[in-house]
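Asker: Provided herewith is a single structure, encoded as structure tokens, for subsequent inquiry.
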Amino acid sequence: MTDRPKQPSRRNFLFLTAGAMGTVGAGMAALPLIRAMGPSRTERAAAPLEVDLSPIAPGQAITVFWRGKPIFIRHRTEEEIARARDVDPATLRDPQSDSERVHKDAWLIVIGVCTHFGCIPRGQKPADRKGDYGGWFCSCHGSHFDISGRIRKGPAPKNLSVPDYVFIDEDRIKLG
Amino acid sequence: MPENEHNDPLPGKSSITAWIDARLPVFSLIRKEYGQFPMPKNLNWMWCLGGIAGVMVLIMIATGLTLALHYTANTENAFASVEAIMRDVDQGWMIRTLHMTGASFLFAAVYIHIFRGMYYGSYKNPRELVWGLGMVIFMIMTATAFTGYTLPWSQMSGWAATVVTDLFSAIPVIGDDLVLFIRGGYMVGDPTLKRFFVMHIILPFVMIGVIALHVWAVHKARPNNPLGIDPKGPQDTIPFHPYYTIRDLFALSVFLIPYIAVTFFAPHVLTHPEHFMPFDPLITPGHLVPEWYLVPFYAILRSVTFDIGIPGTGIVLIDAKLGGVLAMLGAFAVLFALPWLDTHPVKSARFRPYYRGALMLFVAAFILLGVSGTHTPEGLWLWVGQACTAYYFAFFLIVLPLLSRFEKTLPLPLPVSIHRPLILLTGLLILAFPVKPAHADLERGYQVFRQSCAACHSLEFVRFRDLEDAGFALETSEDQKPFPFPYPDKDTAMALNNGAIPPDLSLITKARHGGPEYIRDLLGGYYASPPDQDMLTQGQYWNTAMRGHVIAMVPPLADGIISYEDGAPETVSQYAKDVADFLTWAAAPYETPQKQAGLKGLLFLLVFSIILYQAKKTLR
Ligand code: FES
């Protein structure tokens, strides 16, 4: 090696630049690979879903699938509404009054995925165990939800969440 | 290797690396094999290709695994899932095209690498195993490439799978059962596709293992050099780092330039229209060829057109079919045997003028085999293929053994360090941007499609959101198909269209030789009066663009049937041009981001190459 006088600093500069460029370039090249692992446009494009509520009698519940998740739709009785209202939100783990969680008192619409680790709580069918608060019971780790879908007992940190929906008319809703 | 070179403690080591190194000497290993490793001083640019091939393998694995996350390995959905990767997965088009052209560039690197080994005698004592393991890698790569070729389940895929699995039926006695076993069915189908998918994923990892052995063997035997005379001491060597790290990196950066250029600007120069038609087990495409890198071996297979038997008795020992398969296997086998066929003590072709001539002729024959393999094996091309096949085997089995005994070499120099300037072909492609049709033109084409084509043809892979992204005014951007199959089922479609099902048009400009021009000519090709009216039966029309000139499609366009609002001429030729533009867009809605990303990549690599070149120069 016969280094010319000024070479070392120039060399260091070039090596550093090349190293930095190489690292950044490799990172940039990895980005598309990572992006491609995310949901495709077909997964993301969830068309809104219309649900006809008229066949559901008071006290009954149905489950529809929207964006791959079960949506619990429950036609609540007067007694159930009263029970849901008869709670002081301040005493709850995730304080919310029942009226914040519904558009119409008779219809409770929540995403049926337990906020603990994602199991599907029971309580949609008449024969299901509905938990100590008469709503839903998640048997995975024992979370009890009330008739407003709020967490009352057990490990789940949050109430069952309410999806985006609107009433198109008296008895039809549109999810999304 | 002299012990003292790598036993000194790691310089500047932190206690953590020292702690790990004492228990698992990875750091000293890297330092020994890639830091201080003594490399011959006089390596030329052809010594960069091994490292480049290794990087290409990693690129193939990274892109391939990402594709595998979205690909569906069943015959029903495979084709559509590939198309969904192109259109729906974020950057999916980029990853798929990188993977597709990557295979070609990997093989190109490997072929140059193999040629270098042959030219400089890198397979000779003590490097026989280096060569043998390299050939194993080449075999695995071939199998990987072939199985990958079948995965999109296009016409080309399905028929390649059929033909290649059928090769095994040439084996006497067990052949037919073997084919059944390999296919997992009587014809290629779902079981075949699934096992090929599994193979395509497993083989690269097996290959990585063999590559590790190959590299290990090189490091044990020490790299060869252009003189073919091993360095005699430290005066003939320089450490791997930084000399060859920086040079290999520079070579890689330059190599990636044409790779990126082809991937982003001409991804389909290496593919055939049959890749864009879904597999149809009832129609074999007229033009069936493997990827270019396997064509020479395919040509050897096809060159055996005669039975081999005992002359005069009519007894056939080996029929032409088995003969072809044996010739192809033999073509691989002689490569493995090379170290024992060429036993001349001098390694480098630089000092063996006769060997050099014979080798160059061999390269020419190999390339000619590749050319002849893309033509129908008849007449001149059959003859060329046969002559080249004959020389292929003569080179290994006759020329090399004879030269080993009789060739006089040029005087060998003393091993001195020769600096050869790096010669690099930076053959940049001329990147002509195809002129993109303005949106107004697309809008007109869309109108023609809606008002004329859509009555009979679907646009299966185009969604509302694609139209919206391209600037078409729509109320909805849903995940829905604006143009689904317009008939209740295939039988109805056939009954209503003189026995022909109107093809889906999503990929039509890619799935026909001639592309958009063909579509334009076809739509405008109706009006030549048929020279022979009797050739046409009921429901057939004369079309100059159609092969055979007979078409079952009712002339879809006539002057004035579609009224344009922007004042463009309302003629058949204008309609045809507009709808061909629209269909070109529909075949690749991702084309604009593709070109933009390609430009960024090229710019980056150019600057990176220049900096690396400057850095490399400071080492001289
Ligand atoms: S997931 Fe429901 S309680 Fe744990």
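Asker: Between B:Leu402 and A:Val24, what is the spin-label point distance in nm, taking each point 7 Å from the Cα along the Cα→C-beta axis?
Answerer: 6.0 nm
Asker: Name the residue, out of A:Ser143, A:Ser54, A:Ser161, whose mean-square fluctuation peaks in a Gaussian network model built on chain A with Cα pairs under 10 Å.
Answerer: Looking only at A:Ser143, A:Ser54, A:Ser161, the largest GNM fluctuation is found for A:Ser54.
Asker: Could you pull out every residue, at least 5 positions away or on a different chain, whose amide H is within less than 5 Å of the one on B:Ile238? Hs are placed 1.01 Å off N in the peptide plane, and Pro or chain starts have none.
Answerer: B:Met39, B:Lys41
Asker: Would you kindly find the accessible area of B:Leu412, with a 1.4 Å probe and non-protein molecules such as ligands, DNA and RNA excluded, rounding to the nearest 10 Å²?
Answerer: Approximately 90 Å² for this residue.
Asker: Next question. Could you give the spread of the C-alpha atoms of the protein assembly as shown along their three principal axes, from largest to smallest, in whole angstroms?
Answerer: Principal extents (Cα only, largest first): 106, 91, 62 Å.
Asker: Threshold 50 Å², probe 1.4 Å: give the residues of region B:68-114, in number order, that are less accessible with all protein chains present than with their chain alone.
Answerer: By number: B:Asp88, B:Asp90, B:Gln91.
Asker: Using a Förster distance of 35 Å, how high is the FRET efficiency between B:Phe205 and B:Ile20, based on the Cβ-Cβ distance and rounded to 0.05? Please list the in-between numbers first.
Answerer: Details: r = 25 Å, r/R0 = 0.73.
In this case the efficiency is close to 0.85.
Asker: Excluding B:Leu403 itself, calculate the net charge of residues whose Cβ lies under 9 Å from the Cβ of B:Leu403, where each Lys or Arg counts +1 and each Asp or Glu counts -1. Don't skip to the answer; put the middle values down first.
Answerer: Numbers: positive: B:Arg352, B:Arg405; negative: B:Asp342, B:Glu407.
Result for the neighbourhood of B:Leu403: 0.
Asker: If you don't mind, another one. In the Gaussian network model of chain A, springs joining C-alpha atoms below 10 Å, which of A:Gly123, A:Gly131, A:Gly25 carries the largest mean-square fluctuation?
Answerer: A:Gly25
Asker: Let me ask something additional. Just to verify a number: FRET efficiency for B:Phe27 and B:Leu69, C-beta to C-beta distance, R0 = 30 Å, to 0.05? All intermediate terms of the calculation are to be shown ahead of the outcome.
Answerer: Numbers: r = 34 Å, r/R0 = 1.13.
For B:Phe27 and B:Leu69, the calculated efficiency is 0.35.
Asker: Counting only heavy atoms of protein chains, what accessible area per residue, in Å², does chain B have with a probe of 1.4 Å?
Answerer: Working: 29410 Å² over 620 residues.
Here the per-residue accessible area is 47 Å².
Asker: I'd like the accessible area for A:Arg85: 1.4 Å probe, protein heavy atoms, all chains in place, Å² to the nearest 10.
Answerer: Rounded to the nearest 10, the figure is 100 Å².
Asker: Next question, about the same structure. Determine the alpha carbon to alpha carbon distance for each of B:Lys124/B:Lys408; A:Lys69/B:Lys194; A:Lys130/A:Lys153 and list only those over 21 Å. Walk me through the numbers before you get to the answer.
Answerer: Details: B:Lys124/B:Lys408 18 Å; A:Lys69/B:Lys194 30 Å; A:Lys130/A:Lys153 12 Å.
Among B:Lys124/B:Lys408; A:Lys69/B:Lys194; A:Lys130/A:Lys153, the Cα-Cα distance tops 21 Å for A:Lys69/B:Lys194.
Asker: What's the angle, to the nearest 10 degrees (0 to 90), between helix A:7-37's Cα axis and the longest principal axis of chain A?
Answerer: 30 degrees
Asker: Here's something else I'd like to know. When the helix-only estimate is applied to the protein assembly as shown (DSSP H runs of n ≥ 4, each -39,500 (n - 2.57), divided by the residue count), what is the mean residue ellipticity at 222 nm, nearest 500 deg cm²/dmol?
Answerer: Numbers: 25 runs with 370 residues, N = 796.
When only DSSP H runs of four or more count, the value is -15000 deg cm²/dmol.
Asker: Continuing with this model, one more query. Run the Debye formula on the Cα coordinates of region B:563-620, all scatterers equal and no solvent, and tell me log10 I(q)/I(0) at q = 0.22, 0.24 1/Å.
Answerer: -0.88, -0.93
Asker: With a 1.4 Å probe on protein heavy atoms only, work out how much accessible surface B and A bury together, total over both chains, in Å² to the nearest 100.
Answerer: Using a 1.4 Å probe, the pair buries roughly 2500 Å².
Asker: Could you tally the net charge around B:Val110, taking each other residue with its Cβ under 14 Å from the Cβ of B:Val110, Lys/Arg +1 and Asp/Glu -1?
Answerer: Working: positive: B:Arg116; negative: B:Glu291.
Every neighbour counted, the sum reads 0.
Asker: Let me ask something additional. Show the residues, 5+ positions off or on another chain, whose built amide H is closer than 5 Å to the amide H of A:Lys153.
Answerer: A:His144
Asker: Just how much of B:Trp19 is accessible, in Å², when a 1.4 Å probe is used and the result is rounded to the nearest 10?
Answerer: Result for B:Trp19: roughly 150 Å² accessible.
Asker: Calculate how large, on average over all directions, the projected area of the Cα convex hull of region B:439-589 is; give the answer in nm² to one decimal. Before the final figure, lay out each step's value.
Answerer: On the way: hull surface 37.5 nm².
Over every viewing direction, the Cα hull of region B:439-589 projects on average to 9.4 nm².
Asker: May I pose another question? By how many degrees, 0 to 90 and rounded to 10, does the Cα axis of helix B:92-119 deviate from the longest principal axis of chain B?
Answerer: 40 degrees
Asker: When only the heavy atoms of the protein chains count and the probe is 1.4 Å, how do B:Lys600, B:Lys321, B:Lys510 rank by accessible area, highest first? Walk me through the numbers before you get to the answer.
Answerer: Working: B:Lys600 150, B:Lys321 105, B:Lys510 35 Å².
Ranked list, largest accessible area first: B:Lys600, B:Lys321, B:Lys510.
Asker: Provide B:Ser14, B:Ser169 ordered by accessible surface of protein heavy atoms (probe 1.4 Å), highest first. Please list the in-between numbers first.
Answerer: On the way: B:Ser14 60, B:Ser169 25 Å².
My answer, sorted largest first, is B:Ser14, B:Ser169.
Asker: Here's a follow-up. State whether region B:1-134 is rounded, prolate or oblate according to the following rule on the C-alpha gyration tensor (a ≥ b ≥ c being the square roots of its eigenvalues): a/c under 1.5 gives rounded; otherwise a/b larger than b/c gives prolate, and the remaining case gives oblate.
Answerer: On the way: a/c = 3.15, a/b = 1.59, b/c = 1.98.
Cα axes put region B:1-134 in the oblate bin.
Asker: Counting only protein heavy atoms and using a 1.4 Å probe, what share of the accessible area of region B:439-589 belongs to carbon plus sulfur, as a whole percent?
Answerer: On the way: 3900 of 7500 Å².
The computed percentage sits at 52.
Asker: What order do B:Lys41, B:Lys595 take when sorted by accessible area (1.4 Å probe), most exposed first? Write out the running numbers ahead of the final one.
Answerer: Details: B:Lys41 70, B:Lys595 25 Å².
Result, largest first: B:Lys41, B:Lys595.
Asker: When only Cα pairs under 8 Å and 6 or more residues apart are kept, what is the percent relative contact order across chain B? Numbers along the way, then the final one.
Answerer: Details: 791 pairs, mean separation 100.4, N = 620.
Across chain B, relative contact order equals 16 percent.
Asker: Could you quote the convex hull projected area for chain B, Cα atoms only and averaged over all directions, in nm²?
Answerer: On the way: hull surface 147.6 nm².
The orientation-averaged projected area of the Cα hull of chain B comes to 36.9 nm².
Asker: With each label point set 7 Å from Cα along the Cα-Cβ vector, what nm distance links B:Asp521 and B:Asp469?
Answerer: Taking the two extended label points, one gets 3.2 nm.
Asker: How far is helix B:591-617 tilted, in degrees, relative to the longest principal axis of the Cα atoms in chain B, given as a value from 0 to 90 rounded to the nearest 10?
Answerer: Long axis of B:591-617 versus the principal axis of chain B: about 20 degrees.
Asker: Give the lysines whose C-alpha is closer than 28 Å to that of B:Lys616, dropping any in the same chain fewer than 8 places away, or say none.
Answerer: Partners within reach: A:Lys6, B:Lys13, B:Lys32, B:Lys41, B:Lys220, B:Lys232, B:Lys600.
Asker: Quantify, in whole percent, the carbon and sulfur part of the accessible surface of region A:18-176 (1.4 Å probe; protein heavy atoms only).
Answerer: On the way: 4610 of 8220 Å².
Answer for region A:18-176 is 56 percent, counting heavy atoms of protein chains only.
Asker: Oh, and also: Once a ≥ b ≥ c are taken as the square roots of the eigenvalues of the Cα gyration tensor of region A:67-113, is the result rounded (a/c under 1.5), prolate (a/b larger than b/c) or oblate (a/b not larger than b/c)? Numbers along the way, then the final one.
Answerer: Values: a/c = 2.47, a/b = 1.32, b/c = 1.87.
Taking the square roots of the gyration eigenvalues as a ≥ b ≥ c, region A:67-113 is oblate.
Asker: Where a Cα-Cα gap under 30 Å defines reach, which lysines qualify for B:Lys577, not counting those fewer than 8 residues away within the same chain?
Answerer: Within the straight-line cut-off, B:Lys577 pairs with B:Lys436, B:Lys481, B:Lys490, B:Lys510, B:Lys595.
Asker: Given the Cα-Cα distance of B:Phe332 and B:Phe115 and 0.36 nm per residue of separation, how much length would full extension add, in nm? Provide the component values of the computation, followed by the final result.
Answerer: Numbers: separation 217, 0.36 × 217 = 78.12 nm, distance 1.47 nm.
Extra length available between B:Phe332 and B:Phe115 comes to 76.6 nm.
Asker: Moving to a separate point now. Be a star and scan region A:32-67 for residues whose amide nitrogen sits under 11 Å from the point 7 Å along the Cα-to-Cβ vector of A:Lys104.
Answerer: A:52-56
Asker: To one decimal place, what orientation-averaged projected area in nm² is obtained for the convex hull of the Cα set of region A:44-175?
Answerer: Numbers: hull surface 31.1 nm².
Result: a mean projected hull area of 7.8 nm².
The values are calculated or read from the model by the stated rules, or taken from the named source; none is laboratory data. Keep in mind the model is a prediction, meaning the values are calculated, not measured. Ideal geometry is used to build each Cβ from the backbone, glycine not excepted, and the neighbour counts take in all protein chains shown. What goes into the accessible areas is simple: the full protein's heavy atoms, side chains included, and nothing from ligands, DNA or RNA. Shrake-Rupley method; radii C 1.70, N 1.55, O 1.52, S 1.80 Å.
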